[in-house]
Amino acid sequence: MNGVELFLLGRVLMKIGEEALPEPPGGAGRYAGSARLVLIVASDIAAHPDTAVGEIAARTGLPQSQVSAAVARLKEAGSVQTAPDPADRRRVLVRQAAEVSERVAQVRAVGIEDALARALGSDAPHRLREVSEALDVLARNLLPQSGAPDSPQADIVPPSQ
């Protein structure tokens, strides 16, 4: 595998992951931006608590309007909290909510089997277990471990058991 193939595989895996996520309340059309955008913003907030929307935009490379929309969506879902910056009351700081919201629990509970089977097509029954096991190995070796100080992704969607 070369770098281009790895990049393309990553895009396919992101699409499968997005397809596996449950619809947001009110349907996907109710919200601006994709689940991918929301997960990128949520991951950045987990890694950088008490951060401003402009700082998230700078770190992620996303337009500030998209970050604002994602923060609003995360706030509505109970995933993040906002508060005025004590140093500058015009700025709003964002941090993860102290408690796991119902929506976060719902997203964490969804498996990937159905989305993965759709991606594998008609040969899915024969390859589903093999591909699932390979993904488990990749996750175990490449994702930060839960509880590690540098593992913000584990706070958003921890590896499956």
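The values are calculated or read from the model by the stated rules, or taken from the named source; none is laboratory data. This structure is a prediction, so every number in the text was calculated from the model and none was measured. In this analysis, Cβ positions are derived from the backbone assuming ideal geometry, glycine residues included, and neighbour counts consider all displayed protein chains. Side chains included, ligands, DNA and RNA excluded: accessible areas come from the protein's heavy atoms. Shrake-Rupley method; radii C 1.70, N 1.55, O 1.52, S 1.80 Å.
Between ALA83, ALA77, ALA52, the distinction of being in contact with a Ser or Thr (Cβ under 7 Å, 6 or more places away or on another chain) and over 25 Å from GLY10 (Cα atoms) belongs to ALA77 only. Of the residues making up segment 52-66, those that are surrounded by fewer than 16 Cβ atoms within 10 Å (Cβ to Cβ) and not aliphatic (A, V, I, L, M) are GLY54, ARG59, GLY61, PRO63, GLN64, SER65.
Filter segment 67-106 down to residues that are farther than 16 Å from LEU37 by Cβ and polar (S, T, N, Q) and give me whichever is surrounded by the most Cβ atoms within 10 Å (Cβ to Cβ). Lay out the reasoning, then the answer.
So the first thing to find is which residues in segment 67-106 are farther than 16 Å from LEU37 by Cβ, and the list is 78, 81-93, 95-102, 104-106.
So of that shortlist, the ones also polar (S, T, N, Q) come out as 81-82, 96, 101, 106.
Working: GLN81: 16, THR82: 14, GLN96: 19, SER101: 16, GLN106: 14.
This residue is GLN96.
Could you say whether any residue in segment 118-132 is in contact with a Lys or Arg (Cβ under 7 Å, 6 or more places away or on another chain) and either at pLDDT below 85 or open to solvent by 80 Å² or more (accessible area, probe 1.4 Å) (or both)? No - not one qualifying residue is present in segment 118-132.
Just a yes or no: is a residue in segment 97-111 assigned to a loop (DSSP other than H, G, I, E, B) and modelled with pLDDT under 80? No; the residues of segment 97-111 include none that is assigned to a loop (DSSP other than H, G, I, E, B) and modelled with pLDDT under 80. Per the listing GLU19, GLU5, the residue uniquely of a type outside the set (A, V, I, L, M), farther than 21 Å from PRO144 by Cα, in a helix (DSSP H, G or I) and touching a residue at least 40 places away in the same chain (Cβ under 8 Å) is GLU19. Per the conditions (1) assigned to a loop (DSSP other than H, G, I, E, B); (2) touching a residue at least 60 places away in the same chain (Cβ under 8 Å), the sole criterion not satisfied by SER43 is (1).
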